[in-house]
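The values are calculated or read from the model by the stated rules, or taken from the named source; none is laboratory data. All values reported here derive from a predicted model rather than from experimental measurement. Positions of Cβ are generated from backbone atoms using ideal geometry, with glycine treated the same way; all protein chains shown enter the neighbour counts. For accessibility, only protein heavy atoms count, side chains too; no ligands or nucleic acids. Shrake-Rupley method; radii C 1.70, N 1.55, O 1.52, S 1.80 Å.
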Amino acid sequence: MKKTGKRAAVLGLALWMLLLCGCGETVKVRADLSDYGESPITIKGLKDEDFTVTPNELAELDCVKRTATGATAKAGTVNAVGPLLNTFLAQYETEMSDFQKIRFLCSDGYKTVLKEEYLTDYEVVLQLAEGDQPLPEKQRPLRILIPEAESSYWAYAVTSIEFVK
């Protein structure tokens with residue numbers, strides 16, 4: 001194989017792998033968020049005082065699309081669209097690994113706590129939409145998807161995120 005042909009093959013393979021895993025690809029949120037786009041999500045521990053963000057504000061960040069299938073039928077397959085948590089944190093010159101733990105609190109009382117390797121080895125999607133569709137009503141205003149983690153770490157109806165140093 002000629003040198004240029006080999007190089008083209010390697011570049012083609014690298015591009016195919018990037019497309020396959022969705023790495024580096026940003027997307028726009030196309031779903032209609034009007035029913036919950038202004039719902040407040042409380043953020044604690046990131047600044048001196050608590051503050052809120054909305055799904056509409058999160059949709060303005062660079063967003064990704066990730067798909068994951070849970071181990072149970074209840075978890076199902078999720079087609080998440082939204083920004084990565086580290087993309088959100090970058091606005092505040094911080095990243096997930098800067099914290100001891102991060103808690104996601106849900107409107108039904110459910111809580112997911114990320115610590116240790118979840119703060120360094122996993123990506124967390126702040127899911128605003130299910131593909132091109134809005135989140136189902138019971139999952140609003142925000143869902144958390146951690147594609148390579150057990151689905152018990154996925155949370156929906158998130159109304160508060162707490163960052164603990």
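The angle separating the long axis of helix 3-21 from the principal Cα axis of greatest extent in the chain is about 20 degrees. Please check which bits of the stretch 64-105 a label hung off residue 50 would reach, taking the label as a point 7 Å along Cα-to-C-beta and the cut-off as backbone N under 12 Å. Those under the cut-off are 105.
At 1.4 Å probe size, with the rest of the protein present, what percent of the exposed accessible area of the chain is carbon and sulfur atoms? Spell out each step's value before the answer.
Working: 4750 of 9730 Å².
Looking at the chain in its full context, I get 49 percent from C and S.
Taking a probe of 1.4 Å, how large is the accessible area per residue of the stretch 27-72, in Å²?
On the way: 2800 Å² over 46 residues.
Here the residues of the stretch 27-72 average 61 Å² of exposed surface.
Ranked highest first by average number of other Cβ atoms within 10 Å, how do 75-82, 34-41 line up? Intermediate values should be presented prior to the final figure.
Working: 75-82: 18.2, 34-41: 15.1.
Put in order of decreasing packing, that is 75-82, 34-41.
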